Amino acid sequence: MPIGSLWWTLRQLPGQNKPEVSSVEIHRVGVVGAGQMGSGIAQVMAQAGLTVLLHDLKPELLERGLASIQRSLLRLAEKGKLSEAPEAIVSRIHLSLDLNELSACELVVEAIVEEEEAKMALFRRLGELLPPEALLASNTSSIPITRLAQASGRPERCVGMHFMNPVPLMELVEVIRGVRTSDETARTVVELARRLGKTPVEVQDYPGFVSNRILMPMINEAIECLREGVATPEAIDTVMRLGMNHPMGPLALADLIGLDTCLAIMEVLHRGLGDKYRPSPLLRKMVEAGRLGRKSGEGFYRYGA
Ligand code: NAD
């Protein structure tokens, strides 16, 4: 059976479709995880005039996230791309080490590490913590939204909101519907993405969605080319930049995404879609060696401080 019809069948099963949920207006957004994606998401939400509560596990992680937001806003201001002063935007972002403080938010966007157990535990906790009408979104690159939604206890109010890296510059938001995501939830998040100046594209909940199902095997194949000695990292990236008109080569892009995240996504694709998605042994070895790309200072390339 083609995937499209399987999906249709799942959504039509008796009892699968919850009654339509009431709409909620988004004013305050919680963002969990202040890494490269969470800080970018907090920034674009604040740029759109929303109040943001940014949560991470340690003060230094929150401070690092805030510093990266400030740097990004200054660069945008220098280019004349902001309609208000960076300080005014930053004043809408509040840092919090206490997850309970997010209970005042109408929407929480999760952007923690790409580990299913960690995300499931967080969704369980947020499901208990948030008022019943609040929405929960995950920025996961590949973990099934339907599974996270079930863990939250409010599956009709859960959705995937997959931003691209770097968030302030990239236009796409992939909006992923879990099996029980309500139309109203999907509509609210699509409208929010437009309010952020992004272009939302709706997709269904299959491993890697659309973006990473196509992108990650290409990156993995570039790593295999390197492992087999077909060419140097620079040569592989140049072929793809100049030959395919990609703005960045796949190995430089892997360094930007984070090799730990790339491996986690490949594992999900491998488990969900079969052997042709097996992660490259070199990718695995680099992660084991702590060479995670830009975030650790070294991946396929070396980076200064
Ligand atoms: P990152 O490693 O830069 O940041 C993750 C942050 O989450 C860290 O600051 C960490 O301390 C925090 N964290 C971990 N567990 C937590 C918890 N239980 N509660 C609160 N904070 C916690 O990772 P990232 O690159 O920002 O990726 C975050 C998510 O976004 C992942 O799901 C990833 O797959 C997805 N994503 C990444 C990219 C990318 O290019 N890196 C693109 C799209 C989506």
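Binning the C-alpha pair distances of region 147-305 at 10 Å intervals from 0 yields a P(r) profile of 10, 33, 33, 19, 5, 0 %, listed from the shortest bin outward. Convex hull volume per residue, computed on the Cα atoms of region 111-182, equals 87 Å³. Computed about the Cα centre, the dipole magnitude for region 194-233 is approximately 360 debye when only Lys and Arg (+1) and Asp and Glu (-1) carry charge, each at its Cβ.
Candidate membrane-span-like segments in the chain, meaning DSSP H helices with Cα atoms spread over at least 15 Å of their own axis and a Kyte-Doolittle mean of -1.0 or above, are 36-47, 59-78, 116-129, 183-195, 211-227, 259-273, with no membrane implied.
Mean residue ellipticity at 222 nm, helices only, the chain: -13500 deg cm²/dmol; runs of at least 4 DSSP H residues each add -39,500 (n - 2.57), and the sum is divided by the number of residues.
Across q = 0.14, 0.15 Å⁻¹, the chain modelled as identical point scatterers on its alpha-carbon atoms has Debye log10 I(q)/I(0) values of -1.10, -1.24, in the order of the q list. Electrostatic bookkeeping for His94 treats Lys and Arg as +1 and Asp and Glu as -1; over the other residues with beta carbon under 12 Å from its beta carbon, the sum is 0.
Please state the relative contact order of the chain as a whole percent: Cα pairs under 8 Å, 6+ residues apart? Here the relative contact order equals 14 percent. Of the cross-linked pairs Lys58/Lys285; Lys81/Lys198; Lys81/Lys295; Lys58/Lys295, those separated by over 24 Å at the C-alpha level are Lys58/Lys285; Lys81/Lys295.
How many angstrom lie between the C-alpha centres of region 130-160 and region 190-226? Taking the Cα centre of region 190-226 as reference, the centre of region 130-160 is 18 Å away. Computed about its Cα centre, the charge dipole of region 98-224 is approximately 260 debye, with only Lys, Arg, Asp and Glu carrying charge at their Cβ. Relative protection proxy for 75-83, 172-180, from highest mean packing down: 172-180, 75-83 (other beta-carbon atoms within 10 angstrom). Using only the Cα atoms of region 158-227, each taken as one equal point scatterer with no solvent, compute I(q) by the Debye sum, divide by I(0), and report log10 of the ratio at q = 0.12, 0.19, 0.20, 0.27 Å⁻¹. The Debye formula, applied to the Cα set alone, gives -0.37, -0.77, -0.82, -1.17.
Report the one residue of Asn245, Ile145, Ala48 whose Cα lies farthest in the direction of the positive end of the charge dipole of the chain (charges on C-beta: Lys and Arg +1, Asp and Glu -1; origin at the Cα centre). Farthest along the dipole direction, towards plus: Asn245. Annotation: aspartates and glutamates with alpha-carbon distance below 13 angstrom to Lys276 (same-chain offsets under eight excluded): Glu221, Glu224, Glu267. For the listed peptides 31-38, 113-120, a ranking on the average number of other beta carbons within 10 Å per residue, highest first, reads 31-38, 113-120. Taking the Cα centre of the chain as origin and assigning +1 to Lys and Arg Cβ atoms and -1 to Asp and Glu Cβ atoms, the resulting dipole is close to 260 debye.
With springs only between Cα atoms under 10 Å, which of Pro279, Pro166, Pro59 fluctuates most in a Gaussian network model of the chain? Judging by the Gaussian network model, the answer is Pro59.
Read-outs: derived from the displayed coordinates by stated rules, not from any lab. Note that the coordinates shown come from a computational prediction; the quantities given were computed from them, not determined experimentally. A quick note on method: Cβ atoms are made from the backbone with ideal geometry, for glycine too, and the neighbour counts reach across all protein chains shown.
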